[in-house]
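Derivation of every value follows stated rules applied to the coordinates shown; laboratory data play no part. Note that the structure is predicted; figures quoted are calculated from it, not measured. Quick reminder, even Gly has a Cβ in these numbers, built from the backbone with ideal geometry, and neighbours come from all protein chains shown.
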Amino acid sequence: MVMVIPPRIAVASVIQYLKTQSAKRLKQKFPFMQRLIWGRPGIWSVGYCVSTVGMNEKTILNYVRTQGEDDRGQLQFEF
């Protein structure tokens, strides 16, 4: 996921919002998730990882756009 977060907004606040809202929507859309995670505080792990990259925006967006294509076929085995 590529995001631009203004400096005045804390990264931790953005991550908290994303995790909270996505968990609510996933539970609404997929009711079975309520049962699978019973007894746990949430569906996401407690932590998160944020990184900055010293490349230009075009390179980053191209990587994100094509990462699924680059990985296809790696798990296919021939016997």
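At a 10 angstrom cut-off on C-beta neighbours, averaged per residue, how do the peptides 14-24, 42-52 rank from highest to lowest?
Averaged packing, sorted descending, gives the order 14-24, 42-52.
On a full-extension model of 0.36 nm per residue, what is the gain between Leu61 and Arg8, subtracting their alpha-carbon distance, rounded to one decimal in nm?
Using 0.36 nm per residue and subtracting the Cα-Cα distance, I get 16.7 nm.
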